[in-house]
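Asker: Before I ask anything, let me first share the structure, which is written out below as structure tokens.
The values are calculated or read from the model by the stated rules, or taken from the named source; none is laboratory data. Keep in mind the model is a prediction, meaning the values are calculated, not measured. So basically every Cβ, Gly included, is an ideal-geometry build from the backbone, and we count neighbours across all protein chains shown. Note: accessible area is taken over every heavy atom of the protein model, side chains too, but ligands, DNA and RNA are not part of it. Shrake-Rupley method; radii C 1.70, N 1.55, O 1.52, S 1.80 Å.
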Amino acid sequence: MSDTADAIAAHLAAHVGRSYGPYRAWDAVNAPMIRQWREAISAENDDAAAAADIAPRSMINVWMMRGLADKRPADSVSDDPYELVGLLREQGYIGVVATRCTQQYGRNLRAGERVESQVIVESVSPKKATALGDGYFITLHHAYSVDGEPVGSMAFTTLHYAPRVQAKKPSPPQPGISDDTRFFWEGLKANRLLAQRCDDCGTLRHPPGPVCTKCHSFGWSAVELSGRGTLYSWTVVHHAAHPAFDYPHAIGLVDLDEGLRIVAPLEHVALDRLADGMALQAAFHNVDDEDRLPAFRPVAEAA
Ligand code: ZN
């Protein structure tokens with residue numbers, strides 16, 4: 001293992017100082033892009049705000065972006081300053097996070113000028129242990145120029161890491177439990193879906209609250225619901241992921257047979273099978289030794 005790590009380190013170190021490019025910008029500096037980026041980066045008040053054809057200096061790297069297709073124009077060289085990253089990916093360092101970006105600015109760019117960049121591998125760290133996993137920090141130095149005249153530069157550092165393997169899935173965030181809601185969570189521990197029923201007018205309510213919204217009585221009792229209902233609506237969460245859950249994570253708004261509506265995860269159903277009115281049944285899941293959370297699954301799947 002250390003041989004492998006040493007081999008990787010040596011290979012990475014051999015790239016330091018290597019120069020790539022020159023790359024040419026897809027487009028000349030232009031007023032429409034200046035206007036849109038001025039809005040995006042709130043640059044109305046910088047020193048050149050008055051002229052629509054003068055680019056904010058902090059746009060310096062924008063002109064060199066490769067775009068979604070990740071290509072360079074035909075008159076750029078085709079070498080790849082990120083070849084190091086490909087090497088690391090092959091070795092399992094598949095995570096990437098940007099950790100630092102330092103830009104230096106020369107003069108403002110004007111519409112019609114076409115930027116070029118040269119990229120130099122400035123540094124590669126030794127293997128580091130981080131909270132995300134072991135990995136390497138790579139800093140690429142981008143030098144920008146117009147017709148040979150330097151107009152700015154950027155040093156961009158990224159961490160490339162092998163994600164830590166979670167030995168055990170962490171628990172979901174704990175619900176905020178109050179005196180009004182405690183009965184609900186206690187009910188789940190006994191695999192019972194409970195709701196409040198007003199002692200005076202008999203109205204059921206959920207989510208739990210201190211007072212009946214119909215007759216304003218403070219008197220209530222907990223009653224057990226059937227756990228049966230139909231899907232009223234749903235959303236599918238892709239991002240941002242919490243490690244306790246599997247993604248994509250479907251969350252349903254369920255109309256319970258008793259006339260209440262509840263929010264809970266949906267399970268045991270393909271996302272493309274989710275449908276309005278789908279018959280659902282509650283299930284209960286341990287999240288640790290004591291606590292349980294509800295979920296809903298299609299009736300045919302209910303166990
Ligand atoms: Zn009432």
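Asker: Could you list which residues have their amide H under 5 Å from that of T203, counting only those 5 or more apart in sequence or on another chain, with H placed in the peptide plane?
Answerer: HN-HN under 5 Å from T203: C198.
Asker: In square angstrom, rounded to the nearest 10, how much accessible surface does Y161 have for a 1.4 Å probe?
Answerer: 40 Å²
Asker: Jot down the per residue volume, in cubic angstrom and as a whole number, of the convex hull over the alpha-carbon atoms of segment 249-302.
Answerer: 89 Å³
Asker: Moving on to the next point. Before anything else, pin down the relative contact order of segment 3-161: Cα pairs under 8 Å, at least 6 apart, normalised by residue count, whole percent.
Answerer: Working: 296 pairs, mean separation 47.3, N = 159.
Normalised by residue count, the contact order of segment 3-161 is 30 percent.
Asker: Run the simple label-point estimate for A300 and R182 please: 7 Å along Cα→C-beta, distance reported in nm.
Answerer: 4.3 nm
Asker: At a Förster radius of 45 Å, what calculated FRET efficiency corresponds to the Cβ-Cβ distance of D199 and I251, to the nearest 0.05?
Answerer: So the FRET efficiency works out to roughly 0.90.
Asker: Tilt of helix 2-13 relative to the longest C-alpha principal axis of the chain, in degrees (0 to 90, nearest 10)?
Answerer: Helix 2-13 sits roughly 50 degrees off the main axis of the chain.
Asker: List the relative contact order of segment 174-270 as a percent without decimals, with contacts defined as Cα pairs under 8 Å and 6+ residues apart.
Answerer: 20 percent
Asker: Further, regarding this structure: Using 0.36 nm times the number of residues separating L274 and A51, minus their current alpha carbon distance, what extension gain do you get?
Answerer: 75.0 nm
Asker: Taking all protein chains in place and a 1.4 Å probe, what share, in percent, of the accessible surface of the chain do carbon and sulfur account for?
Answerer: Its accessible area is 53 percent carbon and sulfur atoms.
Asker: Under a no-solvent Debye model with one identical scatterer per Cα of segment 144-303, what's log10 I(q)/I(0) at q = 0.09, 0.15 Å⁻¹?
Answerer: Taking Cα atoms of segment 144-303 as identical point scatterers yields -0.43, -0.90.
Asker: How high is the relative contact order of the chain? Use alpha-carbon pairs under 8 Å, at least six apart in sequence, and give a whole percent.
Answerer: Across the chain, relative contact order equals 13 percent.
Asker: Using a 1.4 Å probe on the protein heavy atoms only, what accessible surface does W37 show? Give it in Å² to the nearest 10.
Answerer: Looks like 70 Å² after rounding.
Asker: Using only the alpha carbons, work out the radius of gyration and Dmax of the chain in angstrom.
Answerer: Just the Cα atoms of the chain yield Rg and Dmax of 28.9, 84 Å.
Asker: Roughly how many nanometres apart are two label points built 7 Å out from the Cα toward the Cβ at K214 and Q174?
Answerer: Roughly 3.5 nm, to one decimal.
Asker: Another question about this same structure. Would you calculate a helix-derived [θ] at 222 nm for the chain, using -39,500 (n - 2.57) for each DSSP H run of n ≥ 4 and dividing by the full residue count, to the nearest 500?
Answerer: So the calculated ellipticity at 222 nm is -3500 deg cm²/dmol.
Asker: Just the accessible area per residue of segment 3-161, please: how many Å² with a 1.4 Å probe?
Answerer: Per-residue accessible area for segment 3-161 comes out at 53 Å².
Asker: Okay, moving on. Sort I138, I54, I41 by heavy-atom solvent-accessible area, probe 1.4 angstrom, most to least.
Answerer: Result, largest first: I41, I54, I138.
Asker: Whole number please: convex hull volume per residue of the Cα set in segment 3-161, in Å³?
Answerer: Spelled out: Cα convex hull of segment 3-161, divided by residues, is 124 Å³.
Asker: Could you tell me the accessible area of D6 in Å² (1.4 Å probe, neighbours in place), rounded to the nearest ten?
Answerer: Answer for D6: close to 100 Å² accessible.
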